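The values are calculated or read from the model by the stated rules, or taken from the named source; none is laboratory data. Predicted model, so just to flag it, every value in this text is computed and none were measured. All Cβ positions, even for glycine, are placed from backbone atoms using ideal geometry, and neighbour counts span all protein chains on display.
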Amino acid sequence: MKNEIFIYFRIKGFDCEDKQISSLLDLVPSKTWRKGDIRVPNTILKHSENGWELSIYKKNITYVDNSLEDLFKLIKKSKKELSLMKNVTKTFTIALYFQETAPSITYNSKIISFLNEIGAEIEHDIYNTDS
């Protein structure tokens, strides 16, 4: 493993069925959950709110922004619907695993604008897997 990245786009805190979110966005989620569902197998940890997730995985990446834009391409057609969704949390979570040298993490004005237009946040989990 050199560099691996998982990018998750999550919508949390909605009261409707997750199928309604999928229908509204015309997207098939990678994962959904309901409030009270077990978060991690073999634990007592439970989700505190409903959730809908679309994710991608890439390896041997050099630039995080290119991978993020790949996920944006999947959801751009639903930009208007996402921007109208209020009282929910919309988050892009980037989980980055690297050895030796971390990939570049920069965001151009298009990325920043898109996040703002749909009312989304971005967060990072960065792990150096060198032994």
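How many residues are small (G, A, S) and under 17 Å from F72 (Cα atoms) if we restrict to segment 11-38? The number of residues fulfilling the criteria is 2. None of S104, S109, S83, S113 is small (G, A, S) and under 25 Å from Q20 (Cβ atoms) except S83. For segment 1-24, residues that are of a type in the set (S, T, Y) and part of a strand (DSSP E or B) total 1. Given the conditions (1) loosely packed, with under 12 Cβ neighbours inside 10 Å; (2) at pLDDT 95 or above; (3) of a type in the set (A, V, I, L, M, F, W, C), which single one is not true for L84? Of everything listed in (1) loosely packed, with under 12 Cβ neighbours inside 10 Å; (2) at pLDDT 95 or above; (3) of a type in the set (A, V, I, L, M, F, W, C), L84 misses just condition (2). Being over 19 Å from M85 (Cβ atoms) and either crowded, with 17+ Cβ neighbours inside 10 Å or of a type in the set (D, E) (or both) holds for only one residue in N42, N50, N3, N60, and it is N3. Take the residues in segment 6-36 that are among the acidic types (D, E) and surrounded by 12 or more Cβ atoms within 10 Å (Cβ to Cβ), then tell me which one is nearest to T129 (Cα to Cα). Checking each candidate, the answer is D18.
Condition check ((1) aromatic (F, W, Y); (2) under 27 Å from N3 (Cβ atoms)) across all residues:
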| site | (1), (2) |
| --- | --- |
| R39 | no, yes |
| L45 | no, no |
| Y57 | yes, yes |
| D65 | no, yes |
| L82 | no, no |
| T89 | no, no |
| A95 | no, yes |
| S109 | no, yes |
| I126 | no, yes |
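Output yes when any residue across segment 119-128 is closer than 20 Å to G51 by Cβ and in contact with an Asp or Glu (Cβ under 8 Å, 6 or more places away or on another chain), and no when none is. Checked segment 119-128: no residue is closer than 20 Å to G51 by Cβ and in contact with an Asp or Glu (Cβ under 8 Å, 6 or more places away or on another chain).
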